[in-house]
């Protein structure tokens, strides 16, 4: 009798603990989002999207930083995702079982979780030092390197999900793999690949460390890719650690902008993925 | 459908292009000291409104400024710690003072307002050595008999990056305490035995305001702009002084710039009844024969403007503008030493 | 019967060759990038490593003026903050995974799961500023004084809780890291728990086991490899995290026995000091730190990936 009661109590205790753990996790998320929203909204003003980052003690906005982040993220994706998609295609179509593919998959997973500051150091050494100055293009390259593993992984997984029947039918009609891939596989895996792109964008738009030594920062409006360019994460880094109220408000507002963007992208990716799985499930 | 999409993107692209063409680009880039950053930023803003030329100044610390100018990634570097004449010669740089200001100790202790706390060099040195650990320590009490000091632990905040402000502060503490001199010494970056590190004058100001019981050291403009509780100091002559343009001016009045080789002059712990003990000049570094003569030319024009028209703005932030004789001397240095193809870059008066 | 135009066939073959080499080059590029990173790090770190030798990793001194650098303080900080993060996040992640797979009403499973994963999407700099402005004051005013008063004099562990309550420091950094890593561990563990065949669990219940007993004695042993893989993946992330830590670590190149003291980690040292490092030896020492971090995280992540792959293959084999 005693033993049974003990087991029941033990069961109850551990289940309670796990419920508490879940609530702590949710509470943290709620706390962070709440802080972000309350401070971020306080920092929001009509100037946010129309003025540049101000000198300390003055009002201003985040326009140059938002533009810079948008440009470098876009460039990063433009450079990185084709490489990721093509490489993922290779792994899915041509290199199913070769040693090279195993190695590449492995390396890719390592790159996926590697500290982004290392990538920043790498791009500093081979681009910034060679060019002699910081630049937006260096920043975009660092972001591209971070985007490749995400797109590669998703592309390979999505291509592998395409029913083998479709590939075989295409081959039976006499199509080379390139034709099959372009005309059959890519359209079939379309939403999956787009999910990968969204995840990559979400990943790189929040990165600070790689931009610290590549794009640096710029307090003015600049569209020159060959010069330092303002960007939201580094601006937030600088402004949050300053004692100026206006700057701190802008930092919170910028943080809110980044988080909302990334959350929207992540949720969209999820929704897309769910739609994709529903399609598969219904036997399309 | 496809054509409409393409049209939409073309429109956006054209708008972006138009946007970019209409805005002026920043021409001069500088990096370095956070000590003068509040006034440099103010000047840059006013200058851009006036002339359209932008000055992109990254306040990354004097150490960073020296590194970036040596790496030729910026047009000029800024440092509060003057480089020694030999170092300048080896690097091919010329330095000149831009503005004078003061470093003030700031505290964040419950119940203590600005200008209430009275400290001296030896006490501060003991705090940063870790010998004094609580605010109600007898040594602090003896300097402040009328103040209610709580039992809070002292959290010293120091500069974690290479910094001219660090140099000025540690130089002052080394002059005030032999133990500090032998254990820690004076330099832009030292090994602090206790306390928290923060980046830049901004970081120290922020961390001090954030942490209960903290003491830090910042350039006076930061303390003023952010309404921090600065302390009074006992100077070399034995008087109690508050930080202000007058006390910085008094310290700078003793300086004989004409005798200083490459303007290498340190203004801490100056004599004089009204002198602020932690005063210093902030310097600009440019190449003697720069690769981009046009950019340096623009920079010199900016500096000349700042010397003349920026003096009022500087005074508002309690910086001390350079005296006219020193400005004339600096311009002579420009003409004599900053050249391109044999001709001086500076063409003005 | 139509005869295939040989020119058409030849063109198709050319396209095939182009496409194949394009994808192959892209794939090889990935290898080259990692190789490039390793090579450039080694080259950049060489001056410092050859100058200091082994003493680089065994000394605490970090003095840019006398050009004396030792990585011991950053290594210590990295290891300790990650250890604290793991100590806090693993049980919590385990608890969340348990809740989601066994206890959660089906309607709430999706939203709660998504909410936990959204925590992973929040960029690390947000954790940094949240840690500095929200968590640190709470720790300074309430938690740390409590720890100092009650645990500071305890035998054995007392030394861990000494010193003034700064609010920031190694403990704070560890807590922030724990919150960052939590969603990864929780998600991985949940996925791993989900792959356990219901048959096995039903057998356990059929024998009269409580939910906890089924988890502990059936699910966990079955997903052992995945659990360890997930933990190591979380560890790899914690080791390399930069921005969240930089805000709250205190930037002190010192090793202190107290968890309440400020310290530094490899990535925050690099982030803070790189753009201002004057002198080749200083810059090279920072890159050497980066190389150390690369080496440590590579080993941990590689091991984790190997374990997770083993689990995938086992799963595919229908175990």
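Observations on the structure shown:
- P(r) tail fraction, the protein assembly as shown - alpha-carbon pairs more than 55 Å apart, %: 18 percent
- C:157, A:148, A:83, C:33 arranged by Cβ crowding within 10 Å, fewest neighbours leading: C:157, C:33, A:83, A:148
- Helix-only mean residue ellipticity at 222 nm for chain B, each DSSP H run of n ≥ 4 adding -39500 (n - 2.57), per residue, nearest 500: -13000 deg cm²/dmol
- In angstrom, the C-alpha Rg and Dmax of the stretch C:116-204 are 18.6, 55.
- Helix-only CD estimate at 222 nm, as mean residue ellipticity for chain C, using -39500 (n - 2.57) per DSSP H run (n ≥ 4): -22500 deg cm²/dmol
- Here the calculated FRET efficiency for residue A:5 and residue C:103, from their Cβ-Cβ distance with R0 = 25 Å, stands at 0.75, rounded to the nearest 0.05.
- Projected area, mean over directions - the stretch C:107-147, Cα convex hull, nm²: 4.1 nm²
- Selected from C:291, C:160, C:207 as most flexible by GNM, with chain C as the system and alpha-carbon contacts under 10 Å: C:207
- Here the stretch C:51-171 yields Rg over Rh of 1.09, to two decimals, using C-alpha coordinates and the Kirkwood radius.
- Scaled against the 2.2 N^0.38 Å expected of a compact globular protein of N residues, the Cα radius of gyration of the stretch B:53-205 reads 1.20.
- Cα-Cα P(r), chain B, percent of pairs per 20 Å interval: 30, 51, 16, 3, 0
- For the stretch C:25-74, the C-alpha radius of gyration sits at 1.56 times the compact-globule guess of 2.2 N^0.38 Å, with N the residue count.
- With N as its number of residues, the stretch C:201-265 has a Cα radius of gyration that, divided by 2.2 N^0.38 Å, comes to 1.87.
- Kirkwood radius for the stretch B:196-262, taken over all pairs of different Cα atoms as the inverse mean of 1/r, rounds to 14.0 Å.
- Here the gap between residue B:264 and residue B:336, fully extended at 0.36 nm per residue and compared with their Cα-Cα distance, gives a gain of 24.2 nm.
- Label-reachable residues, the stretch B:80-99, where backbone N falls under 16 Å from a point 7 Å from residue B:289's Cα toward its Cβ: B:89-94
- Counting every alpha-carbon pair across the stretch C:149-189, the share separated by more than 15 Å comes to 58%.
- Cubic angstrom per residue, convex hull over Cα atoms of the stretch C:227-275: 91 Å³
- At full extension, residue A:130 and residue A:245 could sit 37.6 nm farther apart than now, given 0.36 nm per residue minus the alpha carbon distance.
- Calculated diffusion of the stretch A:226-266, Stokes-Einstein form, Kirkwood radius summed over Cα pairs, 10 °C and 1.306 mPa s, µm²/s: 146 µm²/s
- Over all distinct Cα-Cα pairs of the stretch B:264-322, the Kirkwood formula returns a hydrodynamic radius of 13.9 Å.
- Under conditions of 20 °C and 1.002 mPa s, the stretch B:206-321 yields 130 µm² s⁻¹ as its translational diffusion coefficient, taking Rh as the Kirkwood radius over Cα pairs in the Stokes-Einstein equation.
- Cα-based shape type of the stretch B:104-167, given that a ≥ b ≥ c are square roots of the gyration tensor eigenvalues and the cut on a/c is 1.5: prolate
- Kirkwood Rh, Cα atoms: Rg over Rh of the stretch A:149-284: 1.17
- Pairs of alpha carbons in chain C whose separation is greater than 26 Å (percent): 60 percent
- Value at 222 nm in deg cm²/dmol, rounded to 500, when DSSP H runs of n ≥ 4 in chain A each add -39,500 (n - 2.57): -23500 deg cm²/dmol
- When the square roots of the Cα gyration tensor eigenvalues are ordered a ≥ b ≥ c, the ratio a/c for the stretch B:24-125 is 1.5 or more and a/b does not exceed b/c, which makes its shape oblate.
- Over the stretch A:81-208: Kirkwood hydrodynamic radius from C-alpha pairwise inverse distances, Å: 15.8 Å
- For the stretch C:1-59, the alpha carbon convex hull comes to 89 Å³ per residue, rounded to a whole number.
- Here is the P(r) of the stretch C:161-270: all C-alpha pair distances, binned every 5 Å from 0, give 2, 12, 17, 14, 12, 10, 9, 9, 7, 5, 3, 0 in whole percents.
- Ranked C:273, A:125, criterion: other C-beta atoms within 10 Å, fewest first: A:125, C:273
- Cα pair distances of the stretch C:1-123 binned at 10 Å [whole percent]: 10, 16, 16, 19, 18, 13, 6, 2, 0
- Stokes-Einstein translational diffusion, the stretch A:1-125 - Kirkwood Rh over all Cα pairs, 1.002 mPa s, 20 °C, in µm²/s: 103 µm²/s
- Footprinting exposure proxy for C:104, A:28 (fewest neighbouring C-beta atoms within 10 Å first): C:104, A:28
- Shape descriptor for chain A: Rg over Rh equals 1.09 (Cα atoms; Rh from the Kirkwood inverse mean 1/r).
- Normalised by residue number, the volume inside the convex hull of the Cα atoms of the stretch A:108-167 is 88 Å³ per residue.
Computed from the coordinates by the stated procedures, all read-outs in this text should not be read as laboratory data. Not measured: the values here are computed from a predicted model. In this analysis, Cβ positions are derived from the backbone assuming ideal geometry, glycine residues included, and neighbour counts consider all displayed protein chains.
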